[in-house]
Amino acid sequence: MKSLALFLVLLFTGISGEDCPWGTACNQQWQRFKSATDEVNNPKGAEMTQAMNEKPSRIRTWKELDDMDADPNLKNDPDFVKNANDWDENLGIIEKNAGGNLDLKDANSGDKVGEIKNGNILPEVGKDYAPNLGAGTEIGTPQNGYQLVEQAGELRLKRVPDTKPYDKPYTRPDGTTGNLMSDIKPTNNAHVLERHGHDVTDDALRRRATQGIAPDGSTLGNPNNPIKPFSSKFGSSAKLEQAFKETMPGSSAWNDPSRRTQPNPTNFPERWEVRFELTDNTFFGKGIGRNDTNFTNLKKVVAKYEETSPGVFKIVTMFPEK
């Protein structure tokens, strides 16, 4: 608190310890504010103070979140406060809903864009949030894999998976060097990260299992009554990388005819599937089915490839399976 000017707090919130008698709601909020910006009580307190010094209107954003009794893990997270402040200043409205979660709405239309639930944002059903949504003005930074954008006066959330852990060189089984990210997403059709990446949330998995809507907004089958598949994700970027290396062209699994198969060689001779199973006490990730209550830890993985030209195979998707 010492490095955050008191006059800024007064200017943007109207609260201070001096003006709020002990025991009043005003004083209680003042104590919560001090805790949020104190690195002793909040591991991110120093970052919060710096964020507010950089842009004092973020102090008001924190107060608005506190007024609606937002989850402390959100309102005391400087990255979320930064985003909430940017959203608020660019057509976004944050409101508490009947379920106790936060709704992100479009100020122009009043439409709900997404819901902030269990500390993560989830796009609203019926809103297009595909990664290839197109050009638009980005507002704030990605929040658990979703970026708010403004297009022609309308707010949308689009899927922007975390790619940083994969943007690095690596050695392929044949000894050549490649970029891991480029090989995981060799074409626009590849969607390992978009639908099964380590940043996919539990709520996004449940939505796909129960409603058939994948984390990137895609569906299988009839869009009006989509297929509701077993939905899974990788538990970490390290496990995703391991799965890719264990199933990629030239790997032991790839070279094993019992583990590399063609699911429909007559109609789709270019499609191949490669499977691998862990034998230690670790898991690739977890998944959930439509009628499941709890998630299942998964040791198996399947990678699906297309032979784009003779002898050239490119991954389309990969995910943990039962």
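Laid out as a table, the results:
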| read-out | value |
| --- | --- |
| Unique residue being more than 29 Å from N179 (Cβ to Cβ) and either modelled with pLDDT of 95 or more or in contact with an Asp or Glu (Cβ under 9 Å, 6 or more places away or on another chain) (or both) when the list is D216, D292, D256, D280 | D292 |
| Those helices (runs of 4 or more DSSP H) lying entirely in the stretch 136-250 with at least 1 residues more than 27 Å from E307 (Cα to Cα) | 202-211 |
| Test for W254: is it touching a strand residue (DSSP E or B) at 6+ places or on another chain (Cβ under 9 Å) and part of a loop (DSSP other than H, G, I, E, B) | yes |
| Cross-chain or 6+ apart pairs with Cβ under 8 Å, the stretch 204-222 first and touching a residue at least 12 places away in the same chain (Cβ under 8 Å) and at positive phi, then open to solvent by less than 20 Å² (accessible area, probe 1.4 Å) and aromatic (F, W, Y) | G217/Y129 |
| Within the stretch 139-162, considering residues that are open to solvent by 10 Å² or more (accessible area, probe 1.4 Å), touching a strand residue (DSSP E or B) at 6+ places or on another chain (Cβ under 7 Å) and of a type in the set (S, T, N, Q), the one farthest from L205 (Cα to Cα) | Q143 |
| Any hit, the stretch 247-257, residues being within 30 Å of D203 (Cα to Cα), in contact (Cβ under 8 Å) with a residue 24 or more places away in the chain and open to solvent by 50 Å² or more (accessible area, probe 1.4 Å) | no |
| Verdict on V200 being within 26 Å of T279 (Cβ to Cβ) and under 12 Å from the mean Cα position of the chain (by Cα) | yes |
| Candidate set from the stretch 35-66 (those that are part of a helix (DSSP H, G or I), over 25 Å from the mean Cα position of the chain (by Cα) and β-branched (V, I, T)); member that is farthest from D103 (Cα to Cα) | T49 |
| Hits in the stretch 75-86 (condition: surrounded by 17 or more Cβ atoms within 10 Å (Cβ to Cβ) and either part of a helix (DSSP H, G or I) or at positive phi (or both)) | K75, P78, F80, V81, K82, N83, A84, N85, D86 |
| Residues that are part of a loop (DSSP other than H, G, I, E, B) and either open to solvent by 80 Å² or more (accessible area, probe 1.4 Å) or under 21 Å from A214 (Cβ atoms) (or both), drawn from the stretch 269-294 | T279, N281, F283, F284, G289, R290, N291, D292, T293, N294 |
| Selection within the stretch 191-244 - surrounded by fewer than 19 Cβ atoms within 10 Å (Cβ to Cβ), over 30 Å from N281 (Cβ atoms) and among the aliphatic types (A, V, I, L, M) | L220, I227 |
| Filter pass, N118 being open to solvent by 40 Å² or more (accessible area, probe 1.4 Å) and within 21 Å of the chain's Cα centre (by Cα) | yes |
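Residue by residue, here is whether (1) surrounded by 19 or more Cβ atoms within 10 Å (Cβ to Cβ); (2) closer than 30 Å to N188 by Cβ; (3) aromatic (F, W, Y) holds:
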position	(1), (2), (3)
T61	yes, no, no
G100	no, no, no
E124	no, yes, no
T137	no, yes, no
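The values are calculated or read from the model by the stated rules, or taken from the named source; none is laboratory data. Note that the coordinates shown come from a computational prediction; the quantities given were computed from them, not determined experimentally. Here the Cβ is made from the backbone with ideal geometry for all residues, glycine too, and neighbour counts use every protein chain on show. All accessible areas refer to the heavy atoms of the entire protein, side chains included, with ligands and DNA or RNA removed. Shrake-Rupley method; radii C 1.70, N 1.55, O 1.52, S 1.80 Å.
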